[in-house]
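Undergrad: If you scroll down you'll find the structure; I have some questions about it.
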Amino acid sequence: LMLYWQATQPLDTNYSVFVQIIDLKDFHRAGQQDGQPGCGAYPTKTWLPGDLIADHYTIPIANDARPGTYTLLTGMYIDDERLDVHTDDGQAEGNQIELTQLQVDS
């Protein structure tokens, strides 16, 4: 998975990124990867407005993942508290971004 982040203002906190492959019906997780943006090379405190950060993740599928349809999610957090997601016009959209659906086969 390749994510691209862009700063709109300076940040005073280093946030972590999460990516999850999860069944939203019962929250069974088939895979997850967390880390610092830019493969650990670009902590959010170093971002300047307009910076575009490429962020690559490989998400291994868990051995106990059952076959089915899952949602690929991403977002940022600090100390187990997720950041809120907003649209360009400021509307709140929760604390994660649903990227796509994935099929896990046995």
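The values are calculated or read from the model by the stated rules, or taken from the named source; none is laboratory data. Owing to the predicted nature of the structure, the values given are computational and were not obtained by experimental measurement. Ideal geometry is used to build each Cβ from the backbone, glycine not excepted, and the neighbour counts take in all protein chains shown. Each accessible area value is taken on the protein alone, full model and side chains, heavy atoms only, with ligands, DNA and RNA left out. Shrake-Rupley method; radii C 1.70, N 1.55, O 1.52, S 1.80 Å.
Undergrad: Using a simple spin-label model with points 7 Å from Cα along the Cα→Cβ vector, what separation in nm is obtained for Q9 and D23?
TA: Inter-label distance under the simple model: 4.1 nm.
Undergrad: At 0.36 nm per residue, minus the direct Cα-Cα distance, what do Q32 and T69 gain on full extension? Give it in nm, one decimal, please. Write down the numbers at each step before the final one.
TA: Values: separation 37, 0.36 × 37 = 13.32 nm, distance 1.53 nm.
Value of the extension gain: 11.8 nm.
Undergrad: Over the residues of region 61-106, compute the C-alpha Rg and express it relative to 2.2 N^0.38 Å.
TA: Working: Rg = 14.0 Å, N = 46, 2.2 N^0.38 = 9.4 Å.
Its radius of gyration relative to the 2.2 N^0.38 Å reference: 1.49.
Undergrad: Report, by chain and number, residues whose modeled amide H sits under 5 Å from the one on Y15, excluding near sequence neighbours (fewer than 5 apart, same chain).
TA: For Y15, the qualifying residues are T44, K45.
Undergrad: Each label point is 7 Å from the Cα along the Cα-to-Cβ direction; what then is the distance between the points at I97 and D84, in nm?
TA: Between I97 and D84, the label points sit 1.8 nm apart.
Undergrad: Leaving ligands, DNA and RNA out of it, work out the accessible area of Y42 with a 1.4 Å probe and give it in Å² to the nearest 10.
TA: Counting only protein heavy atoms, the figure is 110 Å².
Undergrad: Once you compute Rg and the Kirkwood Rh from C-alpha atoms, what is the Rg to Rh ratio for the chain? Intermediate values should be presented prior to the final figure.
TA: Details: Rg = 14.6 Å, Rh = 14.7 Å.
We get a ratio of 0.99 for the chain.
Undergrad: Under the definition of Cα pairs under 8 Å and six or more residues apart, what whole-number percent is the relative contact order of the chain?
TA: Reported as a whole number, the value is 30 percent.
Undergrad: Now for a separate question. Given points 7 Å out from each Cα along the Cα-Cβ axis, report the S106 to I61 separation in nanometres with one decimal.
TA: Between S106 and I61, the simple spin-label model gives 1.3 nm.
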